Amino acid sequence: MELTLWTYEGPPHVGAIRIAASMRDVHLVLHAPQGDTYADLLFTMIERDGKRPPVTYTTFQARDLGASTAEKFLNTLQAAYDHHKPALILVADSCTAELLQDQPGTLAETAGLPVPVVAWKWRRIPEKRTGEPAKPFSTWCELSSRLDEMRWKSFPRRE
Amino acid sequence: MTADVIAVSTQPVERFQPVQERGQRAVFCGLTSIIWLHRKIQDAFFLVVGSRTCAHLIQSAAGVMIFAEPRFGTAVLGDRDLAGMADCHDELDRVVAQVLERRPELKSIFLVGSCPSEVIKLDLDNAAGRLSREYDGQVRFVAYSGSGIETTFTQGEDNCLASLAADLPSDTREESRLLVVGTVPDIVEDQFRRLFSQMGIEGVDFFPGSQSTDLPSIGKNTRLLLAQPFLGETLRALESHGATLLPAPFPLGAEGSNAWFRSAADAFGVTAQVQDSVLTPPRLRAEAALGKYRDELAGKSFTMLPDSQLEIPLARFLARECGMTPREVGTPFFDARVMEAEVPLLPSEVDWVEGQDLDPALDRVRAARPDLTVCGLGIANPLEAEGLRTKWSIELLFTPIQGFEQAGDLAELFARPLRREQALEVGSWS
Ligand code: SF4
C-alpha cells in the first residue's frame, strides 16, 4: 500500500482509451465500474476534444457481482458494436475488473462479432516502477502486430 | 407566478414512475463527494483505500479547484496487497501513521472504501474500530463506502453521513430540536440559522458541521429537515435514533425555500403571522432576483442527464419559477421517501428516467435539441461541439444555491450558458 496525495498519473487503461481515440473506426469496450467513466473528461475537458472518446464502459455494479459481470460485459460489447459499428473492437479491463478475472478477451472471442476483436493486456508493471506514466505503448504494439497478422490472414490484398 | 401556466402532475408519489434504464452509465462514483466534504469538515482527512484509478479520479474531478495540500489521499493497493501477500490491515496502519505524522492536528480520519477494496473484501469497518481503539479517542476513525459499485457521485456524502449518524450521542432533552441535514456552504448555513432564529427557532444543528468533533446529539425530539436530496440512507440512520422527518420540498428557489422554512416553522409552533413577517421579505427579494432571469429562461427547453440527484428539485424550480420546459429529466436513482414533497409539484408531460443508458440518451438529446442540457463534465464539450448549450451539473454542488438569497444566483447558473449563445457566434469555436 502506498500513500498518494497528489497524482497526475493515470491508470494504464487510460492508455488504451488513448490508442482507440487516436485511430479511426476503432472502439474500446472497457470492463469498468461507473466511476471510471471520469476518463472521458480527460479527453473532452482537459484536451477539449470535440467528441467523446470511442469507449463504452460496462459500468458493472455490486448487484452484478452476485449475478454475472461476464454477461454484463457481453451485453455491453454487443450494444457497443450495434451502436458504433466500428471496424475493430479493442477490449480491456480496468484495475477493478482485473480482480474479477472475467477475461474480456476470451469472452469477446465467443461473441461472434463480424469485426476483429483485440484484447488488450498491459504488462504488469513491476512494483518498483509504478512511477511510470500510463502505458499506451504495449497496447500499440499488440494492436499493430494483430492488425498486421489480420491483414495477411483475412483482409483481401489490394493491389 | 409562472406556476399558473404549467400543468402540474398532482399525482401522489406512489404513482410517479420514471422509466427505468439499465445500460452504460456516465456518472462519477461516490469518491467524488470527498471534494466538498473535506472542505466542509475542516478537521478531517479522507483516506481512500483503492487503486491508482481512484486517486486519479479525485484528482481529475477536483481539477483546478484545490490548491493547498488537500485533506484527502489514497492508500493505493499494490500487487502484494491484492494478491494477499501483504497483510492489508498492517499496511493500512502504516499509511494512517504516515498521514498523522504529516497532519498531527487531524481529529478524524474517514476510511473510504473503493471498488478494489470491496472486491477483495477488505473490512474497513473493522479497521476503523481497531484504529479508533489504538489512537484511544485522540482520532476518530469512520469507515464508509464511496465505491463505484455501490455509489454514484452524491451517494458518497449519503454513505459518509449515514456512518457518522450511526454513533451520534443521544439526546434525552424534552424540548424539540431542529437538525438540518446535508452539506451546505457556510454562507448558506449562516443565512438559514439567522432566519430560524428570527422565527424563534434557536439552537439549530447542522449535520455535518465544520468540526467532526462537534457532532449533534439526536433522539426522539429531533426534527429533521433535509437540505440535500440525496440523503436517503442518512435519513434512515437518523430515524433509527427516533428522529422524525419534516416533509418539505428542497430549499431551491423562492418557492422551495419558502415551503422548507414553513415546514420547520409549523412543526415548532411558529404563528402564521411571525412566519409571514420573517419569510416574506426574503421571499420577495428572491422573486425579484428571479424575475431578472425569467425573461431569458421562460419558454426555453432543457434536458437533464442523470448525475447529481439534484435533477428532480431543480427541474421543479426551473419549470415553476423560471418558466422553462423540461423535456427529459434523468436521475441516477429515485428515492420516493426523499422526494415525497417534490413529486406533487412536478410538471407533467416530462419524460422522467431513472438510471441511464448513455448512447440512446445522447441520441435523444440530439433529436430533441433542447435549449440547454444539464450533464456531467465528460459529456458537456462534445454536446457543445454539436451546437448544444450545456451546464455542468457538478457546479451545482460547488456553488451556494440553497435558500432565498441564492435563488437569483441559481437561475443565473442556467441563464449564463444561454447568454453565451447569443454573445458568441455559435459553432465558431471547437
Ligand atoms: S469507480 Fe471504483 S475503481 Fe473507479 S474510481 Fe470509483 S471507487 Fe475507484
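The values are calculated or read from the model by the stated rules, or taken from the named source; none is laboratory data. Every value quoted in this text rests on a predicted model; they were computed, and no experiment measured them. With ideal geometry, Cβ positions are generated from the backbone for all residues, glycine too; neighbour counts draw on all protein chains shown. Note: areas computed on protein heavy atoms with side chains; ligands, DNA, RNA excluded. Shrake-Rupley method; radii C 1.70, N 1.55, O 1.52, S 1.80 Å.
Expressed as a whole percent, the accessible area of the protein assembly as shown that falls on carbon and sulfur atoms is 50 (1.4 Å probe). Within the range A:1-20, the residues that become at least 40 Å² less accessible when every protein chain is included than when their own chain is isolated (1.4 Å probe; DNA, RNA and ligands ignored) are A:Met1, A:Glu2, A:Leu3, A:Thr4, A:Leu5, A:Trp6, A:Thr7, A:Glu9.
For the range A:38-52, a decrease in accessible area of 40 Å² or greater in the assembled protein chains relative to the isolated chain, with a 1.4 Å probe, applies to A:Tyr38, A:Leu41, A:Thr44, A:Met45, A:Arg48, A:Gly50, A:Arg52. For the chain pair A and B, the buried solvent-accessible surface (1.4 Å probe, both sides summed) amounts to about 4700 Å².
Using only alpha carbon pairs under 8 Å that are at least six residues apart, calculate the relative contact order of the range B:117-173 and give it in whole percent.
For the range B:117-173, the relative contact order is 26 percent.
With both labels modelled 7 Å from their Cα along Cα-to-Cβ, the B:Arg130 to B:Arg420 distance reads 4.9 nm. Averaged per residue, the range B:30-151 has 37 square angstrom of accessible surface, using a 1.4 angstrom probe with ligands and nucleic acids left out. Annotation: extensible slack from B:Leu284 through B:Val13 equals 94.6 nm (criterion: 0.36 nm per residue apart, minus Cα-Cα distance).
Pairs of lysines in the protein assembly as shown whose Cα atoms sit within less than 16 Å of one another amount to 4, provided the residues are eight or more positions apart or on different chains. Working from Cα pairs under 8 Å separated by at least six residues, relative contact order for chain B is 20 percent. With both labels modelled 7 Å from their Cα along Cα-to-Cβ, the A:Tyr8 to B:Thr271 distance reads 6.4 nm. The Kirkwood hydrodynamic radius of the range B:30-151, based on inverse pair distances between different Cα atoms, is 14.5 Å. Sorted largest first by accessible area at a 1.4 angstrom probe radius, with every protein chain in place, the residues B:Ser217, A:Ser94 fall in the order B:Ser217, A:Ser94. Diffusion coefficient (Stokes-Einstein, Kirkwood radius over C-alpha pairs, 20 °C, 1.002 mPa s) for the range B:105-164: 180 µm²/s, rounded to a whole number. Taking each DSSP H run with n ≥ 4 as -39500 (n - 2.57) and averaging over every residue of chain B yields -12500 deg cm²/dmol at 222 nm. Remark on the range B:145-278: ratio of C-alpha radius of gyration to 2.2 N^0.38 Å is 1.04. Values of log10 I(q)/I(0) for chain B across q = 0.12 Å⁻¹ run -1.03, by the Debye formula with one identical scatterer at each alpha carbon and no solvent.
Interface residues of the range B:143-189, defined as a loss of at least 50 Å² in heavy-atom accessible area between the chain alone and the complex of all protein chains with a 1.4 Å probe, are B:Ile149.
Note on the range B:149-219: semi-axes of the ellipsoid equivalent to its C-alpha gyration tensor, largest first and rounded to whole Å, are 23, 17, 9. For the range A:51-56, putting each phi into the Karplus relation 6.51 cos²θ - 1.76 cosθ + 1.60 with θ = phi - 60° gives couplings of 10, 5, x, x, 9, 10 Hz, in residue order, rounded to whole numbers and with x for Gly and Pro.
The equivalent ellipsoid of the protein assembly as shown has semi-axes of 42, 32, 19 Å, largest first, where each one is the square root of 5 times an eigenvalue of the Cα gyration tensor. For B:Ala368 and B:Asn221, FRET efficiency with R0 = 56 Å and r from the beta-carbon atoms, rounded to 0.05? Computed FRET efficiency for B:Asn221 and B:Ala368: 0.70.
Probing with 1.4 Å while keeping every protein chain in the model, the per residue accessible area of the range A:1-101 equals 37 Å². Accessible surface calculations at 1.4 Å, restricted to protein heavy atoms, place the range B:156-284 at 37 Å² per residue. Computed from the C-beta positions of B:Asp186 and B:Ala166 and an R0 of 30 Å, the FRET efficiency is 0.75 to the nearest 0.05.
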